[in-house]
Amino acid sequence: MRRGLRTRLLGISGKVLVGLILAFIVLPAFVVTLAAFNDRAILSFPPAKYSTRWFTRALTYRDFQTGLWNSLVVTAWASTIALGVGTGFAIALKRYSFRLKATLEGVLLSPLIVPHFTIGLGLLVLATGIGAARGFSVVVLTHVIVVLPFVIRSVYISLQNIDERLELAAASLGARPGRVLSTITLPLLAPGLVSGWLFAAILSFNEFTASLFVTGQATQTLPVAMYGYVREFADPTLAAVSVIYIAVTALALTVANTFLGLGKVLNVEQGR
């Protein structure tokens with residue numbers, strides 16, 4: 001009797017705790033979303049009147065338009081480069097044994113624990129020394145370093161889900177290594193490659209801390225432009241931009257999960 005009561009209490013407590021955690025996570029987004037529809041030219045909650053004019057301002061503000069274009073360019077280059085480099089490193093770490101392998105893996109994954117402002121400041125000092133400070137190449141390099149661990153992790157997990165006997169069978173039938181890679185390995189890696197690129201793109205597009213150090217007026221990304229805006233204005237425009245950010249990110253992840261099955265790619269569920 002007591003054990004059954006204790007089990008029910010633990011079950012109820014667990015559900016309440018999960019609900020509180022979810023509410024804690026969702027509440028800021030809920031507040032920002034309502035604030036974005038405020039009719040007044042100041043951030044306040046709850047809104048007295050509702051309006052969509054701040055979404056119009058967010059979409060037509062010149063610095064945001066320039067920052068959006070710069071972010072798209074940097075994101076496309078950084079995520080694509082990180083995908084190519086990360087895939088190569090993931091295959092090397094998974095399939096081969098060599099000296100200093102653990103050290104190399106630690107260096108590649110270090111951006112997960114190294115503060116991004118340290119990465120940005122270090123690359124700014126380095127770029128200044130070679131005369132390339134605050135150019136697009138430096139911004140792209142910074143983003144590649146920041147997102148590379150996520151690509152490596154995604155591809156590495158996908159490699160673990162591949163049956164290596166398929167590659168061995170192809171090789172035993174006379175297929176050259178390049179043909180095995182292009183016809184067997186890469187097609188089987190496709191979900192990991194696409195999801196790795198997607199995560200890299202989302203992280204790159206939202207990167208602020210490191211970008212603040214390496215961007216200039218001509219190369220500032222959207223998060224940096226938002227930072228500059230909030231230093232001058234206190235209206236709900238940034239709240240509207242945040243709502244657009246949330247909607248686009250949620251849509252991208254939903255589409256990726258629908259067509260790729262992110263649970264399988266991230267190894268959080270068994271194969272379907």
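Summarising the label geometry, the points placed 7 Å from Cα in the beta-carbon direction at Leu104 and Leu173 lie 3.1 nm from one another.
Here the stretch 1-95 exposes an accessible surface that is 72 percent carbon and sulfur, computed with a 1.4 Å probe and the other protein chains kept in place. Amide H contacts under 5 Å for Asn38: Ser51, restricted to partners 5 or more places along the chain or on a different chain, H placed in the peptide plane at 1.01 Å from N. Summing Cβ point charges (Lys, Arg +1; Asp, Glu -1) relative to the Cα centre of the chain gives a dipole of roughly 860 debye.
Karplus-derived 3J(HN,Hα) values for the stretch 209-223, using 6.51 cos²θ - 1.76 cosθ + 1.60 with θ = phi - 60°, are 4, 5, 5, 4, 7, 10, 9, x, 4, 7, 10, 5, 8, 4, x Hz; glycine and proline are entered as x. Distance between the modelled labels on Phe208 and Phe233, one decimal in nanometres: 1.7 nm (7 Å Cα→Cβ projection). A Cβ-based charge dipole, computed about the Cα centre of the stretch 1-132 with Lys and Arg at +1 and Asp and Glu at -1, lands at about 820 debye.
Taking only protein heavy atoms and a 1.4 Å probe, what accessible area per residue, in Å², does the stretch 62-265 have with all protein chains in place? List each step's numbers first, then the result.
On the way: 10580 Å² over 204 residues.
Accessible surface, normalised per residue, equals 52 Å².
The spacing between the stretch 81-142 and the stretch 145-210, judged by their C-alpha centroids, is 18 Å. Couplings 3J(HN,Hα) for the stretch 232-241, derived from phi with the Karplus relation 6.51 cos²θ - 1.76 cosθ + 1.60 (θ = phi - 60°), are 10, 10, 10, 8, x, 4, 5, 5, 5, 4 Hz, where x marks Gly and Pro. The packing ranking, built from the mean of other Cβ atoms within 10 Å per residue, places the peptides 210-222, 87-99, 11-23, 167-179 in the order 210-222, 87-99, 167-179, 11-23, highest first. Share of Cα-Cα pairs in the chain beyond 29 Å, in percent? Of the Cα pairs, 49 percent sit more than 29 Å apart. Straightening the chain between Thr254 and Ile162 buys 30.7 nm, computed as 0.36 nm per residue apart minus the Cα-Cα spacing. Determine which residues of the stretch 70-91 fall in the zone a paramagnetic label at Ala218 would reach in this model, i.e. backbone nitrogen under 18 Å from the point 7 Å along Cα→Cβ. Backbone N within reach: 70-74.
The values are calculated or read from the model by the stated rules, or taken from the named source; none is laboratory data. As the structure is a prediction and not an experimental result, all values here were calculated from the model. Please note: Cβ atoms are built from the backbone with ideal geometry, for glycine as well, and neighbour counts cover all protein chains shown. Keep in mind that these areas ignore ligands, DNA and RNA; they rest on the heavy atoms of the full protein, side chains included. Shrake-Rupley method; radii C 1.70, N 1.55, O 1.52, S 1.80 Å.
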